Amino acid sequence: MSHRRRLIQPLLQADLPGSQLSDWVLNFVRQEELFRGGDRVLVAVSGGPDSVALLHLLAGWRQELGLELAVGHFDHGLRRESQEEAAWVARLAGHLKLPFHPGRGAVKELARTSRLSLQMAARKLRLGFLREVCVVHGYPKLALGHTADDQVELFFLRLLRGAGPGGLKGMWPATPEGVVRPLLAVGKAPLLAWLEEQAIPYRRDPSNLSRAYLRNRVRLDLLPELLRLYNPRLREAVWRGQALLQEDERLLAGETGRLLTQVGRCPAQDFYYLDLGQLRALDYPWQLRVLRAAVAKVAGEAGLTAAQTAALLDLAWGEKSGGLISLGQARAARAGPELHLFRDLPPSPGGALALPVVPQGNLESPEGWNWTWSSRPRPGPGFTPPGPQATALNRERLIWPLQVRYFRAGDRFWPLGAPGPRKLQDFLVDCKIPRWLRPHIPLVVSGGQIVWVAGLRTAEPPKVSGAGGALLTLAVSPTRPETRRLWEVILDCRKTRV
């Protein structure tokens, strides 16, 4: 049975009485099914008019829609007023009796080290922070204050860089990852009129008037000229064209999702693996769609540039394994017959952690791993070796203190059951551990010798045998979201490779 969706005409002019704007936006929210009763929603609030209007509208619908709201604010630290703005948003959350989650990041440092624009670095840190708050505090929905004007500006930004239909369609009202945009069919002018009528204060960001940024030049220069010279209703026309493109995308999304399930798998949140043999068997247009859909699984809906798409195809079609490229908020790596896509990883750990000489203990490393150990005189009857998150070692064959460190060139390892030691790199290659993952696997070292590759294999020399000897049980568990995801990937390698 066919289903015909009603295409909403965007509200871009301030010609609707402000008192009716809430009802108009609520109709859009219901048509797009953005919320369900009982939803826990994190509302991203910068302090500007769009996000402040969004917060007040959602707060007014709390009982009607059955929403549990919280406020998230990220301080980019780029302006002197930023701390004052963060405090202002905190007071607003308090006034509405909502939980407040503040964050702050070194945007300039990230822009410098990663060779990103300030806007891209700020967006990367802001979205990363908001995603983490959602995961840690259990908010399945993240509400963003993007408006119809933002949607139209995005069309021209992507048109200027040569995007295809998938990019020109703009932002979805809702994404599978839980991002919702209740204001996507209403422009800034009606929102400003509503805020004024309701006497709701907000903050102004002077950087929005700087022509140093392309988006601002599109808003301040390009669009006014096109409106004046060619079509005074250009924004409505572009918005409607984007809505039609989204309808086409919805139709194609089902088949894209089916193909993605066929050629890919998700070993952990923010990681996606594609089988290159199956991917290459698809027709070229479907290859592009599957690749973009897989990137969206780990990096959201920002989309790929033409250069990024070309680099991704070169990596997928090339013969050499081990390549790694950047895709904005994501990375792509070639690992033999697979293409691995994942969000940015934490920096490779460099230092070592010493486990003190005590019979039992607990210690957390700076990288986000918790280590626990305990000793007993000897294995009991029917002793069973622990699972992948722990190892059992002959304490009498260890040299204390034990150390926890990470991969170094030239490391050697004698795997349990092997005839002798070998290069650790060769062991990891044989286990099909991808090159990008190797620097993040914790190693336990005794007297300079690796005795446990955490999650993968214990060494032969300190193994527990029936001959007796004191027993040391050593376990590790992740304590942070980023190490928790890495650990899931390590265990997936053990399950499918080792």
Please state which one of Gly410, Gly455, Gly387, Gly417 is part of a loop (DSSP other than H, G, I, E, B), of a type in the set (Gly, Ala, Ser), within 33 Å of the chain's Cα centre (by Cα) and surrounded by fewer than 16 Cβ atoms within 10 Å (Cβ to Cβ). Gly387
Taking the condition touching a strand residue (DSSP E or B) at 6+ places or on another chain (Cβ under 7 Å), closer than 30 Å to Val41 by Cβ, in the same structural domain as Asp50 (by TED's automatic domain parsing) and among the aliphatic types (A, V, I, L, M), does Ala199 pass? no
Odd one out for Val476 among (1) assigned to a loop (DSSP other than H, G, I, E, B); (2) buried (at least 20 other Cβ atoms within 10 Å of the Cβ): (1)
Counting only helices (runs of 4 or more DSSP H) wholly inside the range 14-133, the ones holding at least 2 residues that are hydrophobic (A, V, I, L, M, F, W, C) and modelled with pLDDT of 95 or more are 49-60, 82-95
Only one of these conditions is not met by Cys266: (1) within 22 Å of the chain's Cα centre (by Cα); (2) within 26 Å of Arg158 (Cβ to Cβ). Which number is it? (2)
Going through the range 364-379 one residue at a time, which ones are among the charged types (D, E, K, R) and either farther than 16 Å from Gly469 by Cβ or assigned to a strand (DSSP E or B) (or both)? Glu364, Glu367, Arg376
Could we say that Arg485 is in contact with a strand residue (DSSP E or B) (Cβ under 6 Å, 6 or more places away or on another chain) and assigned to a helix (DSSP H, G or I) here? yes
If I ask for residues that are touching a Gly at 6+ places or on another chain (Cβ under 7 Å) and surrounded by fewer than 23 Cβ atoms within 10 Å (Cβ to Cβ), which ones from the range 180-193 would you list? Ala193
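Kindly evaluate Arg91 against the criterion of being surrounded by fewer than 19 Cβ atoms within 10 Å (Cβ to Cβ) and at positive phi.
Criteria not met by Arg91.
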Would you pick out the residues in the range 194-246 that are surrounded by fewer than 13 Cβ atoms within 10 Å (Cβ to Cβ) and in contact with a Leu (Cβ under 7 Å, 6 or more places away or on another chain)? Arg211
Failed item, numbered, when Glu460 is tested on (1) free of Cβ contacts under 8 Å to residues at least 24 places away in the same chain; (2) more than 22 Å from Leu345 (Cα to Cα): (1)
Out of all the residues in the range 439-449, which are under 18 Å from Ser365 (Cα atoms) and not in a loop (DSSP other than H, G, I, E, B)? Pro439, His440, Leu443, Val444, Val445, Ser446
Determine whether the range 112-120 contains at least one residue that is surrounded by 21 or more Cβ atoms within 10 Å (Cβ to Cβ) and touching a residue at least 12 places away in the same chain (Cβ under 8 Å). no
Among the residues of the range 313-343, write down those that are under 19 Å from the mean Cα position of the chain (by Cα) and either closer than 20 Å to Leu276 by Cβ or without any contact (Cβ under 8 Å) to a residue 40 or more places away in the chain (or both). Leu324, Ile325, Ser326, Leu327, Ala330, Arg331, Ala332, Ala333, Leu339, His340, Leu341, Phe342
Yes or no: the range 138-155 includes at least one residue that is surrounded by fewer than 21 Cβ atoms within 10 Å (Cβ to Cβ), in the same structural domain as Pro201 (by TED's automatic domain parsing), more than 18 Å from Gln246 (Cα to Cα) and hydroxyl-bearing (Ser, Thr, Tyr). no
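The values are calculated or read from the model by the stated rules, or taken from the named source; none is laboratory data. What you are looking at is a predicted structure, and each value in this text was computed from that prediction instead of being measured. Cβ: placed from backbone, ideal geometry, glycine included. Neighbour counts: every protein chain shown.
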